[in-house]
1. Roughly speaking, what is the stretch gain from Lys155 to Glu101, that is 0.36 nm per residue apart minus the C-alpha to C-alpha distance, in nm to one decimal?
2. Defining a contact as two alpha carbons under 8 Å apart and six or more residues distant in sequence, what relative contact order in percent does the chain show?
3. Quote the charge dipole size of the stretch 90-144 about the Cα centre in Debye, to the nearest 20; the model charges only the Cβ of Lys and Arg (+1) and of Asp and Glu (-1).
4. Expressed as an acute angle from 0 to 90° and rounded to the nearest 10, what is the orientation of the C-alpha long axis of helix 147-182 relative to the principal long axis of the chain?
5. What dipole magnitude, in Debye to the nearest 20, does the chain give about its Cα centre under +1 on Lys/Arg Cβ and -1 on Asp/Glu Cβ?
6. What number, in percent, do you get for the relative contact order of the stretch 36-97 if the mean sequence gap of Cα pairs under 8 Å and at least 6 apart is divided by its residue count?
7. Highest mean first, how do 163-169, 34-40 rank when packing is the count of other Cβ atoms within 10 Å averaged over residues?
8. Quick query: amide H of Lys89 versus all other amide H atoms, modeled in the peptide plane; which residues come in under 5 Å with a sequence gap of 5 or more or a different chain?
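All of the numbers you see were taken from the coordinates with simple rules; none came from a lab. Nothing here was measured: the structure is a model prediction, and the numbers come from that model. Because the Cβ atoms are built from the backbone with ideal geometry, glycine has one as well, and the counts that use them run over all protein chains shown.
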Amino acid sequence: MDFATFEKIAKNTVSEEGVCARFYDRAVKSGVLDKNGLPVFDNVCYVEIRFKDNNAEIFDQPATEDKIKRFPAEYARYQLARKQISEGKPLEQFAFLTVAEIETLKARGIFTVEALAALSDEKAGELDVEKERDLAVKFVEQAKGNVAVSIWQKKEEQFVQKINLLEAKIKELSRLRAKKKKE
């Protein structure tokens, strides 16, 4: 995890006073149907804008270049989260964390289990996430042991493919044999 990038983002936050923005991905119907007649969805970057002391007004809209320029630190945080998640497992999939712990970690620039496990003891102490880090380290260590299971699954898939191919050949040979007997 590149905490230097996150710390730079956090220090250079020039958000508007009393305004909070959050960029996120939303699934939006594309207007296209697949071959089964079901809707196709696209990922679209949205921005949610909230105003301090005004819970009634929440603006939630597709992110435009104007909004990205208006909230550069928030957009940089969104990009960092996307980068981390593309390289690891999102914290939401880590059953050992509560929703509050997940949000706390995200506020500290940690978006994946791997990034959490990669924290040094010193950094985890600084961020006050030692307990969460220990859980993530144990989880990642156990996941490494699952490599054997993954290899076994690949071999099983190969065997299933081979069996299906042989069954198809047997059917074809049986069909040809039956056809030959009729002649």
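1. Numbers: separation 54, 0.36 × 54 = 19.44 nm, distance 3.85 nm.
The Lys155-Glu101 span can extend by a further 15.6 nm.
2. Working: 165 pairs, mean separation 28.3, N = 183.
After rounding, I find 15 percent.
3. Working: 7 positive and 12 negative charges, 33 e Å.
About 160 debye.
4. Computed tilt is about 30 degrees.
5. Details: 33 positive and 32 negative charges, 405 e Å.
Dipole about the Cα centre, nearest 20: 1940 debye.
6. Values: 27 pairs, mean separation 12.3, N = 62.
It comes to 20 percent, rounded to a whole number.
7. On the way: 163-169: 10.0, 34-40: 7.6.
My ranking of the peptides, most packed first, is 163-169, 34-40.
8. The list, which skips near neighbours in sequence, is Val113, Glu114.
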